[in-house]
Amino acid sequence: MKKYDYIVIGSGPSAYKMVPKLQDGTKKTLIIENEKFGGICPNFGCEPKIFLEGTVTSVLISQKLKGLGIKNPATIDWKQLIQRKKEVFNSFPNDSATSFQELGADTLQGTASFVDAHTVMVNDQKYQSDKIIIATGQRPNKLPIVGNEYALNSNDVFDLEELPEHVVFIGGGFVSMELATILRAAGSKVDVIEFADRPLKAFSKEHVDIVMNEMQSMGIQFYLNNSVSEIKKMSNGYKVISQQGLELDADVVVDASGRIPNIEKLNLDAIGIEYDRQGIIVDENLETSVEGVYALGDVIKKNVPKLTPTAHFEGEYLGNYLIGKTDKKIVYPVIANAAFTFPQVAQAGVSLEAALKDNSYSVKDYDLASMEHVYSGTNDMSARLSLIYNSENKLVGVSEVSQTAADDVNNFVDIIGLGLTKNDIRNKFIPAFPALKYKIRNLID
């Protein structure tokens, strides 16, 4: 039985940030991966999505400016775009494994299962360590409905070489709304079925309504308050049927009903690791209910957003904790969150909906399109910003909908996190004008 100082199950963003801290030339680390090295983000998630979004945003802005300075708006060559995506990303799993090896870690392809608190089985071989870290992330959910075998998942969309004529997305979360935007911009007819009364529940209704209106103006159809019960194979495609009687035809159906923790194959019950539907339960040092076994990233249950930068933060923290560079409990900073729809919606700190329900906060709303020429320059006439202040008149939250909401909100994250005052903003830096960040000087009270 081979022994290691650390065994890491999973090779995604949290492992990427943690492993370099563990490798000091004297320790041996084993990294086990049962899918593609690097995890969901660079292979099927945020990185290929943002790659596609770069093209999509350019095309959609050009369409918004038709007759306002642009005569012939851009269009997407889907085959060419996907081929380019593959050229950029196909080498990543091998590159990721190589980067771990260059740090001195061993890598192993296979599925890990706990034998006891210090031993895992992979490919019929046992590996042992006093410190085992679970970083298996999440995977796309599969609805327990009749005909679910006919649905693609969100991972599959990134490899569609042929642009579908008509796509039905099941679910209205981040992934569904972003992919719906991409495929509609490329020319597909797109429908979105959502169980709840609105999509993107993580963001304020006021701003999500603007996103929905813009997406509807692009031709995307929303069917809310519908629970899908069956996907039926037809001679020329599929029929998606809801419990409420809705029936939609499509040649591609995408189950984008969310993501679930990757825990089933770990054999957690055998060693008593506690978990629930939201993930593995950890303490304030990211240790599970079994001493010496830790977990981090999207696989854990937590109250902060399950995002790549959150996993990065946890990886840096746990690496430092395991090597004794810190003995403090993990404390999460202000975390920005964004959906890369068109327009985008983003927020950080206290949410707009929470602020509107609590009299201790005050909210100031801004119609950015009417006050900032940079927004009218791209015909972003729906751009709206909300700033949230506490009882001490300190900025504690921001929410925005616009073509550049993610970057805009990032401009406020440091102000919230560092507790900067208006005088700090006025006297300690002057951003480039008329770039987006400069408006902060005019908006912060």
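The values are calculated or read from the model by the stated rules, or taken from the named source; none is laboratory data. From a predicted model like this one, the values you see are computed outputs, not experimental measurements. As a convention, Cβ positions derive from the backbone with ideal geometry for all residues, glycine included, and neighbour counts pool all protein chains shown. Just the protein is used for accessible areas: all its heavy atoms, side chains included, with ligands, DNA and RNA removed. Shrake-Rupley method; radii C 1.70, N 1.55, O 1.52, S 1.80 Å.
Restricting Ser11, Ser62, Ser58 to those that are of a type in the set (S, T, N, Q) and more than 25 Å from Ala74 (Cβ to Cβ) reduces the list to Ser11.
Restricting attention to region 174-224, which residues are part of a loop (DSSP other than H, G, I, E, B), at pLDDT 95 or above, among the small types (Gly, Ala, Ser) and surrounded by fewer than 21 Cβ atoms within 10 Å (Cβ to Cβ)? Scanning region 174-224 gives Gly187, Ala196, Gly219. In the set (1) part of a strand (DSSP E or B); (2) surrounded by fewer than 18 Cβ atoms within 10 Å (Cβ to Cβ), Ile388 fails one condition alone, (2). Remark: Tyr366 matches the filter, which requires a residue to be within 30 Å of Arg184 (Cα to Cα) and part of a strand (DSSP E or B).
Of all residues in region 170-219, those that are within 25 Å of Leu160 (Cβ to Cβ) and among the basic types (Lys, Arg) total 2. Just one of the listed residues (Gly297, Gly272) is over 21 Å from Leu152 (Cβ atoms), open to solvent by less than 30 Å² (accessible area, probe 1.4 Å) and either at pLDDT 95 or above or of a type outside the set (Val, Ile, Thr) (or both), and it is Gly297.
Kindly provide the set of residues from region 23-34 that are at pLDDT 95 or above and not basic (Lys, Arg), ordered by number.
Thr29, Leu30, Ile31, Ile32, Glu33, Asn34
The single condition among (1) open to solvent by 60 Å² or more (accessible area, probe 1.4 Å); (2) part of a helix (DSSP H, G or I); (3) polar (S, T, N, Q) that Asn303 does not meet is (2). Residue count for region 398-422 satisfying the condition of being open to solvent by 50 Å² or more (accessible area, probe 1.4 Å) and hydroxyl-bearing (Ser, Thr, Tyr): 1. Is at least one residue of region 90-113 in a helix (DSSP H, G or I), open to solvent by 50 Å² or more (accessible area, probe 1.4 Å) and either over 15 Å from Ser11 (Cβ atoms) or among the charged types (D, E, K, R) (or both)? Taking every residue of region 90-113 in turn, at least one turns out to be in a helix (DSSP H, G or I), open to solvent by 50 Å² or more (accessible area, probe 1.4 Å) and either over 15 Å from Ser11 (Cβ atoms) or among the charged types (D, E, K, R) (or both). Within region 204-231, residues that are under 28 Å from Gly397 (Cβ atoms) reach partners that are part of a helix (DSSP H, G or I) and among the basic types (Lys, Arg) with beta carbons closer than 8 Å, at six or more positions or on different chains, in the pairs Met215/Arg184.
Here's the yes/no breakdown for (1) of a type in the set (Gly, Ala, Ser); (2) free of Cβ contacts under 8 Å to residues at least 24 places away in the same chain; (3) surrounded by 15 or more Cβ atoms within 10 Å (Cβ to Cβ); (4) under 26 Å from Gly349 (Cβ atoms):
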site	(1), (2), (3), (4)
Val282	no, yes, yes, yes
Val290	no, no, yes, no
Thr308	no, no, yes, yes
Glu314	no, no, yes, yes
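Inside region 316-349, residues that are open to solvent by 30 Å² or more (accessible area, probe 1.4 Å) and in a loop (DSSP other than H, G, I, E, B) make up a count of 13. Within the option set Asp365, Asp380, being open to solvent by 60 Å² or more (accessible area, probe 1.4 Å), acidic (Asp, Glu) and touching a Ser or Thr at 6+ places or on another chain (Cβ under 6 Å) holds for one residue only, Asp365. Only residues that are closer than 18 Å to Ile133 by Cα, in contact with a helix residue (DSSP H, G or I) (Cβ under 7 Å, 6 or more places away or on another chain) and among the hydrophobic types (A, V, I, L, M, F, W, C) were counted across region 74-111, and they come to 3.
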